[in-house]
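What follows is a short report on a single structure.
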Amino acid sequence: MTEELNINIEVDRLQKSRVLGGKSFRGLAPLLEGEQEVYLVYDEQVAWVATEVVDALRETSGAACIKGAIAIDTSEEEKSMDTVLAICRQLLDAGASRKALVLAIGGGITTDMAGFAASIYKRGIRYANLPTTLLAQVDAAIGGKTGVNLDSYKNMLGAIVQPEFTYLSADVLRTLPPREFRSGAAELVKTFLLGDAAAYEEAIGLLSSAEKADGMGDGLQHLIERAAAIKAGVVQRDPFEKGERAKLNLGHTFAHAMEHEARRQGDDLTHGEAVAMGMILAAELSEREGTAQKGLAARLRADFKAAGLPTDSPYPMEVLRPAMLRDKKATGGTVRFVLFKEIGQVEFRDLEP
Ligand SMILES: NC(=O)c1ccc[n+]([C@@H]2O[C@H](COP(=O)([O-])OP(=O)(O)OC[C@H]3O[C@@H](n4cnc5c(N)ncnc54)[C@H](O)[C@@H]3O)[C@@H](O)[C@H]2O)c1
Ligand SMILES: [Zn+2]
């Protein structure tokens with residue numbers, strides 16, 4: 001466990017969470033000490049991580065606490081109530097009691113579904129996260145939002161329930177495909193753009209220096225921890241998104257519209273790619289609205305290019321506008337945009353798209 005990362009999130013007396021991190025993900029084993037019933041819910045693509053967690057436990061507190069391992073397929077189609085029910089059914093068949101802990105091992109789809117299953121099984125059991133994508137490490141696995149899609153509506157069903165802990169280790173990213181890595185990098189960069197100018201510079205430098213996670217050394221672990229700390233701070237101050245938490249939507253109004261259009265046209269676009277391009281559009285809008293100085297968008301464009309992030313939306317604004325108005329956050333013809341003041345600082349503006 002690294003000394004520096006040990007953050008507490010306390011929503012209220014009952015909902016407390018910890019974010020921890022270490023060079024090797026095997027460092028999470030001691031956190032399971034004293035547990036009597038642990039059920040792994042893992043993405044099949046990272047079965048190797050689940051295996052190593054069990055090995056690490058054998059060497060420390062013992063693997064006897066592992067009472068079951070539930071493998072799931074991950075895709076947005078499988079991110080459904082059916083899969084959550086299948087997880088609950090397997091917990092029940094295995095005899096999971098109300099003292100059980102679910103340990104989610106995988107990307108955001110896995111942590112969202114395992115967390116949701118835990119939040120409803122026997123009216124709620126505890127869960128913890130070992131996120132294995134960069135996106136889940138800096139975003140999805142922190143903050144307690146869990147859930148599934150309903151038909152074509154994304155994350156329409158769910159609950160906000162904090163995990164016992166989230167363990168962050170760049171070590172698990174070794175096998176993450178480069179495109180998934182860059183997609184997560186967009187959220188990493190987003191977090192710094194809204195909260196830490198110095199870390200932003202560092203992130204652009206590191207992402208420009210190497211193609212893959214394993215070429216980035218300790219610098220990557222440090223940045224993951226820094227981004228997680230920023231997100232944890234926002235969640236701590238505003239767990240139910242009554243205000244500040246919406247900052248995390250920087251670039252997302254545009255991104256959601258792009259993702260909508262991509263689905264309509266059958267284009268292949270990841271969430272992170274859309275977020276990167278959405279942040280450039282947000283910077284352009286900030287310049288036009290006068291919240292940020294001229295030159296910001298050009299600066300971000302150059303940085304993103306160097307860092308291997310996409311910059312220019314394939315869809316024109318006329319196409320994106322109707323989708324933005326349908327966004328679940330739009331009210332009465334206006335949309336709450338997150339605009340830049342400068343790198344590291346943002347503010348809200350209600351505008352007509
Ligand atoms: N709860 C939240 O606050 C929150 C925030 C952001 C996103 N999300 C959700 O997260 C999901 C996206 O998360 P994601 O990008 O992590 O998706 P994901 O879980 O689908 O993972 C992406 C892909 O990488 C594979 N994978 C994961 N880890 C790997 C590893 N270490 N090596 C090799 N392959 C690996 C997965 O099998 C999958 O194919 C979306 O459903 C989104 O709605 C939730
Ligand atoms: Zn996002």
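The values are calculated or read from the model by the stated rules, or taken from the named source; none is laboratory data. Worth saying up front: this structure is predicted, and the values here are computed from it rather than measured. No Cβ is skipped: glycine too gets one built from the backbone with ideal geometry, and neighbour counts run over all protein chains shown. Surface areas here come from the heavy atoms of the whole protein model, side chains and all, with no ligands, DNA or RNA. Shrake-Rupley method; radii C 1.70, N 1.55, O 1.52, S 1.80 Å.
What the table shows:
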read-out: Members of the range 239-267 found to be surrounded by fewer than 17 Cβ atoms within 10 Å (Cβ to Cβ) and either closer than 16 Å to Asp196 by Cα or more than 13 Å from ligand 1 (Cβ to nearest atom) (or both), listed by number; value: Lys242, Gly243, Glu244, Arg263, Arg264, Gln265, Gly266, Asp267
read-out: Count of residues meeting criterion [closer than 19 Å to Ala136 by Cα, assigned to a helix (DSSP H, G or I) and open to solvent by less than 20 Å² (accessible area, probe 1.4 Å)] in the range 200-220; value: 5
read-out: Residue in the range 41-53 that is open to solvent by 80 Å² or more (accessible area, probe 1.4 Å), in contact with a Lys or Arg (Cβ under 9 Å, 6 or more places away or on another chain) and more than 30 Å from His260 (Cβ to Cβ) present; value: no
read-out: Pair list, Cβ under 7 Å, 6 or more apart: the range 229-246 residue in a helix (DSSP H, G or I), other residue open to solvent by 20 Å² or more (accessible area, probe 1.4 Å) and among the acidic types (Asp, Glu); value: Ile230/Asp196; Lys231/Asp139; Val234/Glu244; Gln236/Glu10; Arg237/Glu244
read-out: Qualifying strands (runs of 3 or more DSSP E) (wholly inside the range 110-182; at least 2 residues being touching a strand residue (DSSP E or B) at 6+ places or on another chain (Cβ under 7 Å), of a type outside the set (Lys, Arg) and open to solvent by less than 10 Å² (accessible area, probe 1.4 Å)); value: 126-131, 145-150, 165-168
read-out: Residue list for the range 175-201, restricted to those being in contact with a Phe, Trp or Tyr (Cβ under 9 Å, 6 or more places away or on another chain), away from ligand 2 (no atom under 16 Å from the Cβ) and of a type outside the set (Asp, Glu); value: Thr175, Ala198, Ala199, Tyr200
read-out: Filter pass, His271 being in contact with a Gly (Cβ under 8 Å, 6 or more places away or on another chain) and within 16 Å of ligand 1 (Cβ to nearest atom); value: no
read-out: Test: residue in the range 92-99 that is within 16 Å of ligand 2 (Cβ to nearest atom), modelled with pLDDT of 95 or more and part of a helix (DSSP H, G or I); value: no
read-out: Scope the range 304-344; condition open to solvent by 80 Å² or more (accessible area, probe 1.4 Å), closer than 21 Å to Leu207 by Cβ and not in a loop (DSSP other than H, G, I, E, B); matching residues; value: Lys305, Glu342
read-out: Filter result for Glu76 (farther than 18 Å from Leu101 by Cα and within 16 Å of ligand 2 (Cβ to nearest atom)); value: yes
read-out: Residue tally, condition surrounded by fewer than 21 Cβ atoms within 10 Å (Cβ to Cβ) and within 14 Å of Ala228 (Cα to Cα), over the range 183-199; value: 1
read-out: Given (1) under 27 Å from Arg182 (Cβ atoms); (2) in contact with a Pro (Cβ under 7 Å, 6 or more places away or on another chain), number of the condition Leu325 does not satisfy; value: (1)
read-out: Hits in the range 63-93 - residues which are under 15 Å from Tyr42 (Cβ atoms) and open to solvent by 80 Å² or more (accessible area, probe 1.4 Å); value: Lys67, Asp73, Gln90
